[in-house]
Every structure is written in C-alpha cells, then in structure tokens.
Amino acid sequence: MHLGLWQSLAGFSHQCSLRTWVFRVANNVGASHALKERRGGPLVDLDSLELASAEAPTETLERRDALERLLRLAHRLAPIDRQLLLLYLEGEDAKAIAEVSGLSAANVATRIHRLKQLLTRHFEGARHE
C-alpha cells in the first residue's frame, strides 16, 4: 500500500480530499493484489490472526466459518458492490464511500441497504441448515 501511495503521489491533483485519494489508491492496490492472489487461499490480515489466537477455540471456529461465508459471498458480488460492502464493513459512511466509489451518496446508501438485506438472508439461511 505504501509503495502504491508513493508511486501515485505525483498524480494527486487535489480534486478530492487526501483521505479519499488514499482510500482510492489503497482500494485499487488491494483489488489488484487480490486478483493476482485469487488462485491462492483467502487473505487474512494480522488483526484477524491476533483476535483468533485470543479467542476460545469454538468462538474461533464460528468466527472463521462466518468470515469464510462472508468472503465467499463477497467474491460472488459485482466488483462495485464488493467495494461498497468492504468499505461499509471498514466503518465508512455513505458520503465517504460515495467519494471513493464515484457513486452518489444516495445510490451508495441504497446499495448498502440491499447488501445488508442480502447478508441477513444469507446468514439466516445458514443458521437454519
């Protein structure tokens, strides 16, 4: 990410906030990396590894199962919906996501609402199995 930001710095034209620009570059670098690594196993961040080691074994298994289901569902989404979902899960609001994605804030809010409904149906269906 740092290298991607450094390489893109010359192209920063102040048309958006620095925060938005960093999100765009990080998202593009991450998406490129994910496409290259798609053939390998699922990517896991260090925070998830630290949390997993601190949890009880059954909680770890349940959390890992839920995370794997979420990732499988995310991979089936259209790229724009996957981007919106991941930014939403990172805690970004509709306005910030709109700046990063290039969509309107209202469009982002509507898509996030639909994605939350999809996630609810998906995870409720998995509980009943």
- Item | Some residue of the range 80-97 being modelled with pLDDT of 85 or more, more than 30 Å from G11 (Cα to Cα) and of a type in the set (S, T, Y) | no
- Item | Residues satisfying the stated conditions in the range 75-88, i.e. more than 18 Å from V22 (Cβ to Cβ) and assigned to a helix (DSSP H, G or I) | H75, R76, P79, I80, D81, R82, L85
- Message: Just the residues that are outside any helix (DSSP H, G or I) and not aliphatic (A, V, I, L, M), please, taken from the range 89-110.
- Response: E90, G91, E92, D93, G102, S104
- Within the range 1-17, of all residues that are part of a loop (DSSP other than H, G, I, E, B) and either of a type in the set (G, A, S) or in the same structural domain as E99 (by TED's automatic domain parsing) (or both), the one nearest to I97 (Cα to Cα) is S17
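The values are calculated or read from the model by the stated rules, or taken from the named source; none is laboratory data. A quick note: this is a predicted structure, and the numbers were derived from the prediction, not measured. Positions of Cβ are backbone-derived with ideal geometry, glycine not excepted, and every protein chain shown enters the neighbour counts.
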